[in-house]
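Structure first, commentary second.
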Amino acid sequence: MKKLVNSLLAASVIVSALLGDSSIEATKVSSNIDTINCKDDIWKSADFSKVTLYPQTTIKFNDKKANEINAKNKAIVAEIAAVYNNSKIAFMIKWPDGTQSIQQNDKTDTYSDGFAIQFASNYSNPKKLPYIGMGSEGREVVVHLQKETSKTYEPNGNGNVAYQVNPNQTDLFGKDLEKYNDLVKTLGTRDYERTFVSEGFRSMSEIKDGSSKSFARIAYTGDGWKGTLSRPLKDEYLNLNSAVIPVAFAVWDGDKLGRNGLKYLSAWTAVELEGKPGSDALLSALYSDVKGDAKRGKDIATANCSACHQLTSRDAANLMGPSLTNIGGYSTIDYLKESLMNPSAVVVPGYNRNAHSNYAWYNIDNGKRVSSMPGFDWMSAQEIDDIVAYLKTLKVEVENAQ
Ligand code: HEC
């Protein structure tokens, strides 16, 4: 935050940044953080920032029960810190959750609590960051995902045969069952830990070749979770050696049947690495105040956008386009502007096109996705600013506000 206050002079910018989420100042350390977990003393001297995670409401989930449970979700505030040394960067995320949910590997209807940390592969242009929900075509992200799962017998240690032995099999009794349970204890896989590169939902590929050497842990504390991730500052997919990097955070609540897109999501958040090269243009891109007038923007949006978009939770759901009810929580000003002026620059994939052919959010032209949203580049700059100011107000209130 220090740097932000120094580098941005406009008073309004500073005020809005202080009221909303702020950047995260990573602490430089000299010790080894390769296998850091939440108990490490390093976190005592780290600087925790509050980051708000909004319910991702882009797509109506295809699960009636889950939709009902999550209909009134508020945003939650996580506390996040980062430390780095010469080769690694590590994060700790603490978030409130009254129930510990662990997926049972032998059941299909239980879901885990968990977290993900997302990095932009290319962040040289802060106005064109990847789509916050798993990246977008040509704008790749790297996502580290960590969930707590029950242990499964996994004899070869590859992490890919979690389902080969059913722990409930009925032909094991007495001593055999004990023996089996002991085996699970010693050979059981650790928690679900995966790294993906993604250019959009449904185009994720897991990094399995060992080239991404990350280490993640998750621990329940009684009223919430602490998750940690350590990863290289630089590897084949990412170079995080920069004064300011964009990072986004997500958490799942298994008790609320959360999985996949049913999660809580932050906006791109700036993490500052003192002493690294690069400009702080990203800070002003992420924390500048809106220029427009939200009240005027509301009128323009109601007239031009509500035929396809649900704007607030009081409006009926509208399948013609993404729900914008939390768009102000997890989107940047530049993303919103781009969405209006040039809808096909980032295309939100939408529903399964085969199942919901009436609601295709895009068409494919010469192999490229073309949004079915009309561009609003004919509007005046003032009107665009006003709409963006209004969109930034669209977000639910915060659950654990202090
Ligand atoms: C004809 C229907 C239609 C109209 C009218 C329309 N949109 Fe869209 N909009 C879409 C569709 C479909 C998408 C998803 C595909 C894409 O990303 O372009 C979308 C995407 C968006 C996104 C990105 C959402 C996200 O989750 O990232 C924003 C922001 C947006 N629209 C804002 C607006 C605003 C503001 C207006 C009015 C000025 C508007 N739209 C008018 C159909 C529409």
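The values are calculated or read from the model by the stated rules, or taken from the named source; none is laboratory data. Note that the structure is a prediction, hence the values are computed from the model and not measured. Every residue, glycine among them, receives a Cβ derived from its backbone with ideal geometry; neighbour counts consider all protein chains shown. Surface accessibility is based on the protein's heavy atoms, side chains included, excluding ligands, DNA and RNA. Shrake-Rupley method; radii C 1.70, N 1.55, O 1.52, S 1.80 Å.
Report the calculated FRET efficiency for Glu399 and His356 (r = Cβ-Cβ distance, R0 = 22 Å), to the nearest 0.05. E(calc), rounded to 0.05, equals 0.10. For the residue pairs Lys28/Lys72; Lys94/Lys276; Lys28/Lys50; Lys44/Lys234, alpha carbon separations beyond 29 Å are given by Lys28/Lys72.
Here region 33-86 was treated as a single set of alpha-carbon atoms; its pair distances binned every 10 Å from 0 give 18, 32, 21, 24, 5 percent. For region 294-393, take N as its residue count and report Rg(C-alpha) divided by 2.2 N^0.38 Å. Here the answer is 1.06, to two decimals. Among the protein heavy atoms of region 294-393, carbon and sulfur supply 50% of the accessible surface, probe 1.4 Å, non-protein parts ignored.
Quick check for you: which residues of region 228-262 have the amide N under 19 Å from the point 7 Å beyond the Cα of Asp209 toward its beta carbon? Within reach of a label on Asp209: 232-239.
Note that region 294-393 presents 50 Å² accessible area per residue, ligands and nucleic acids not counted, probe 1.4 Å.
A straight Cα-to-Cα reach below 13 Å connects Lys337 with the aspartates and glutamates Asp377, Glu383, Asp385, Asp386, residues fewer than 8 places away in its own chain not being considered.
A simple charge model with +1 on the Cβ of Lys and Arg, -1 on the Cβ of Asp and Glu and nothing else charged puts the dipole of region 294-393 at about 260 debye relative to its Cα centre.
For Lys256, the aspartates and glutamates whose Cα falls under 18 Å of its own Cα, not counting residues fewer than eight places away in the same chain, are Asp63, Glu68, Asp97, Asp109, Asp113, Glu148, Asp223, Glu399. Treating r as the C-beta distance of Met379 and Lys50 and R0 as 41 Å, the FRET efficiency rounds to 0.75.
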